[in-house]
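The values are calculated or read from the model by the stated rules, or taken from the named source; none is laboratory data. All values derive from a computational prediction rather than experimental measurement. We place every Cβ from the backbone using ideal geometry, glycine too, and count neighbours over all the protein chains shown. We work out accessible area using only protein heavy atoms, side chains counted, and drop any ligands, DNA or RNA first. Shrake-Rupley method; radii C 1.70, N 1.55, O 1.52, S 1.80 Å.
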Amino acid sequence: MIIVKIDTKERFTVITPQDADLSVNMTEELGNLLLSYLQKDIPHIVLNMQDVKAMEEEAAEKIAGTQQQFYAAGHSFVICCLQPGVEKTFARKDFFDGMNITPSESEAWDIVQMEEIERELLKDD
């Protein structure tokens, strides 16, 4: 069972896994939790990975796929605070180009807010 900290803000939710090592099974559970937010009033997610020191490659694939599902649904999903071991896993899988990853949580907040403004502007066209 994965343990997460959930912090709901006005326009997005910050989810912080508390486990130092994310396995595929844990990521499956995390993915289900994250995808449940697509049905909520505040569907935008910041995934803060500050406490995760290592993860399996399949876990990185699952997170990348979950992020794509959010963007396909027109919602934001930004990952922040990657630790060196996790960063190497994402790099090995060549995910950085297609993912929204920031060094800090405040930068992730900025991206969510900018994407929300962009969606509003595009909706008006």
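Per residue, the solvent-accessible area of the stretch 13-103 (1.4 Å probe, heavy atoms of protein chains only, all protein chains present) comes to 44 Å².
When the helices of the chain are scored as -39500 (n - 2.57) per DSSP H run of n ≥ 4 and the total is divided over every residue, the value at 222 nm lands at -15000 deg cm²/dmol. Averaging the Cα positions of each part gives two centres, and for the stretch 102-118 and the stretch 52-83 these lie 15 Å apart.
Computed from point charges on the beta carbon alone (+1 for Lys and Arg, -1 for Asp and Glu), the dipole magnitude for the chain about its Cα centre is near 200 Debye. Scaled against the 2.2 N^0.38 Å expected of a compact globular protein of N residues, the Cα radius of gyration of the chain reads 1.00.
Of all lysines in the structure, the ones whose alpha carbon falls short of 28 Å from that of K5, not counting any fewer than 8 places away in one chain, are K40, K53, K62, K88, K93.
Of the solvent-accessible surface of the chain, computed with a 1.4 Å probe over protein heavy atoms with every protein chain present, carbon and sulfur atoms account for 49 percent. Using the Cα gyration tensor of the stretch 4-76, with a ≥ b ≥ c the square roots of its eigenvalues, what is the shape: rounded (a/c below 1.5), prolate (a/b larger than b/c) or oblate (neither)? It comes out oblate by the Cα gyration axes.
Measuring nothing but how far apart in sequence close Cα pairs (under 8 Å, 6+ apart) lie, relative to its length, the stretch 6-81 scores a relative contact order of 37 percent. For F77, the residues whose amide H sits under 5 Å from its own are I45, ignoring neighbours fewer than 5 places away on the same chain, with H placed 1.01 Å from N.
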